[in-house]
Amino acid sequence: MDIPFTGTFIHGDYQFNVILTITIYLFFSVCFFYIISNIFKALKEESIFNKKAIFNLQIFTVLNLIIGPILYVLIHFPIMNKTDFRDIHNLILHLIFGVVALFISTIVKKGYQLQNENDLTI
């Protein structure tokens, strides 16, 4: 890329593994934030304990506890050929998100069951 009025030129290092890693991470991030927005939309409804909230929380749990670690391993070892764990904090953060989402989804599911039982007795 030529920078005007400076006479300098920037060369990019376009390697396939870097572009693939960025693409995978972007796709994962889009899914992550889309599910979070769906969770907030479901929790904004009149009744917090609903099927949509439970479903989205379970998808968020799977995304963080299963897909996140799989992508971490795939990106770091076969694609980028790394041998160290210098950025393992991202993996730990997704595992924490997954455990918290699992806990919250269990609470919302129990609340949904109690709400249905309460509605049936009235």
Next item on the list: List the equivalent ellipsoid semi-axes of the chain in whole Å, largest first, each obtained as the square root of 5λ for an eigenvalue λ of the Cα gyration tensor.
Entry: 42, 18, 10
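Do any GluC sites (Glu not before Pro) in the range 35-122 lie in a DSSP loop with no more than 14 other beta carbon atoms within 10 Å, and if so, which?
Loop-located and lightly packed - Glu45, Glu46.
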Item checked: Per-residue [θ]222 nm for the chain (sum of -39500 (n - 2.57) over DSSP H runs n ≥ 4, rounded to 500) -> -22500 deg cm²/dmol
Margin query: Using a 1.4 Å probe on the protein heavy atoms, what percent of the accessible area of the chain belongs to carbon and sulfur?
Written below: 72
Item checked: Loop-exposed trypsin sites (Lys or Arg not before Pro) per DSSP, neighbour cap 14 Cβ within 10 angstrom, longest uninterrupted part of the chain -> 1-43
Item checked: Helix axis angle, 16-43 relative to the chain longest principal axis, alpha carbon, degrees -> 20
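For the chain, report the accessible area per residue in Å² (1.4 Å probe, heavy atoms, rounded to an integer). The partial results should precede the final answer.
Details: 9090 Å² over 122 residues.
In whole numbers, the chain has 74 Å² accessible per residue.
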Checklist line | Rounded tilt (10° steps) of 51-62 against the dominant C-alpha axis of the chain | finding: 40
Note to self: Can you give me the distance in nm between label points at Ile24 and Thr6, each placed 7 Å from the Cα along the Cα-to-Cβ direction?
What the structure shows: 3.3
Checklist line | Sites matching chymotrypsin sites (Phe, Trp or Tyr not before Pro) across the range 9-88 that sit in DSSP coil, with at most 14 neighbouring C-beta atoms within 10 Å | finding: Tyr14, Phe85
Notebook entry, point to check: Over the Cα atoms of the range 67-122, how large are the radius of gyration and the largest Cα-Cα distance (Dmax), in Å?
Noted result: 19.0, 61
Notebook entry, point to check: Using Cα atoms only, what is the angle between the long axis of helix 89-121 and the major principal axis of the chain, expressed in degrees (0 to 90) to the nearest 10?
Noted result: 20
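The values are calculated or read from the model by the stated rules, or taken from the named source; none is laboratory data. The structure presented is a predicted model; accordingly, all values stated were derived computationally and were not measured. As a convention, Cβ positions derive from the backbone with ideal geometry for all residues, glycine included, and neighbour counts pool all protein chains shown. These accessible areas exclude ligands, DNA and RNA; they are computed on the full protein's heavy atoms, side chains included. Shrake-Rupley method; radii C 1.70, N 1.55, O 1.52, S 1.80 Å.
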